[in-house]
1. For region 44-60, does any single residue satisfy the condition of being open to solvent by 10 Å² or more (accessible area, probe 1.4 Å) and either within 28 Å of C75 (Cβ to Cβ) or of a type in the set (V, I, T) (or both)?
2. Filter region 27-62 for residues that are among the charged types (D, E, K, R) and in contact (Cβ under 8 Å) with a residue 40 or more places away in the chain and give the result.
3. Taking region 6-26, which residues are closer than 16 Å to W253 by Cα and either surrounded by fewer than 16 Cβ atoms within 10 Å (Cβ to Cβ) or in contact with a His (Cβ under 6 Å, 6 or more places away or on another chain) (or both)?
4. Based on what the data block shows, is E82 within 24 Å of G152 (Cβ to Cβ) and open to solvent by 50 Å² or more (accessible area, probe 1.4 Å)?
5. Filter region 116-149 down to the residues that are within 16 Å of L175 (Cα to Cα), among the β-branched types (V, I, T) and open to solvent by 10 Å² or more (accessible area, probe 1.4 Å) and list them by number.
6. Are any residues in region 150-159 open to solvent by 10 Å² or more (accessible area, probe 1.4 Å), of a type outside the set (S, T, Y) and under 22 Å from A190 (Cα atoms), and if so, which ones?
7. Taking the stated definitions as given, is K242 open to solvent by 70 Å² or more (accessible area, probe 1.4 Å), at pLDDT below 95 and not small (G, A, S)?
8. Any chance you could count how many residues in region 102-138 are more than 16 Å from A74 (Cβ to Cβ) and among the charged types (D, E, K, R)?
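The values are calculated or read from the model by the stated rules, or taken from the named source; none is laboratory data. All values derive from a computational prediction rather than experimental measurement. Methodologically, a virtual Cβ is constructed for each residue, glycine included, from the backbone with ideal geometry; neighbour enumeration extends over all protein chains shown. Note: areas computed on protein heavy atoms with side chains; ligands, DNA, RNA excluded. Shrake-Rupley method; radii C 1.70, N 1.55, O 1.52, S 1.80 Å.
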Amino acid sequence: MPRFAANLTMLFNEVPFMERFALAKIGGFKAVEFLFPYAFAASDIKSALDNNALKLVLHNLPAGDWDAGERGIACLPDRIAEFRAGVTKAIEYATVLGVPQLNCLAGKVPAGVAPQLLHDTFVANLQFAASELKKAGLKLLIEPINTFDVPGFYLSGTAQGIAILDAVGADNAFLQYDIYHAQRMEGELANTMQKYFDRIGHIQLADNPGRNEPGTGEINYEYLFGFLDRLGYSGYIGCEYKPLKTTEAGLSWMGKYA
């Protein structure tokens, strides 16, 4: 059966971030993930994980000014030094928190930059990140994001992500397959996950439309969970959705599958 990780950026945000770990444990989760840890001391997050017997399965590399609308800097030719400094910072946090993998958000396409330069910058940055993460025993992930929610996002499709990974050529670099984003951009969920199964390092979920919990939209999660079991997926599935009402009220779906 699937193993689910609560995304603490999206779930339990009825309370401040550091209080969400306890609620995740009460909600039945044994693992969590979140976008970024950098606003807090790594030691404080580690204590919250340990005090609630939770495993951290994922967080992101620094991704620029999130509050200002930036969604990553890895494809931006004028932000290479900042990207590399962010890799170092992320590894420092990962070492304390015991997380096995870090996700890299590509960023939005800036005006006036040639497509080849964006591609080459992204690949070179990923090669640097993969090399540094490998020294620390970590996996690197890249995530296609739908361009309805984030217009202009550079990496938006599964095949594009695989081609980027091929160009990077690192054995510790994988795809983060977000079912919600994939449904919005391309559909064909089961066949795509099967086709690229060996290249997928982590999976996330939300239903569509609305990006709410499973069972609120068009995606047949009962089928997909069984399909992933048959494929032999043994990783966690990150619950990166917006609760339709409260987080607690929306967790009834999980009892059916967990």
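1. No - not one qualifying residue is present in region 44-60.
2. E33, K46, K55
3. Matches in region 6-26: I26 only.
4. Taking the combined requirement at face value, the residue satisfies it.
5. V123, I145
6. G157, A159
7. No.
8. Residues that pass the stated criteria total 2.
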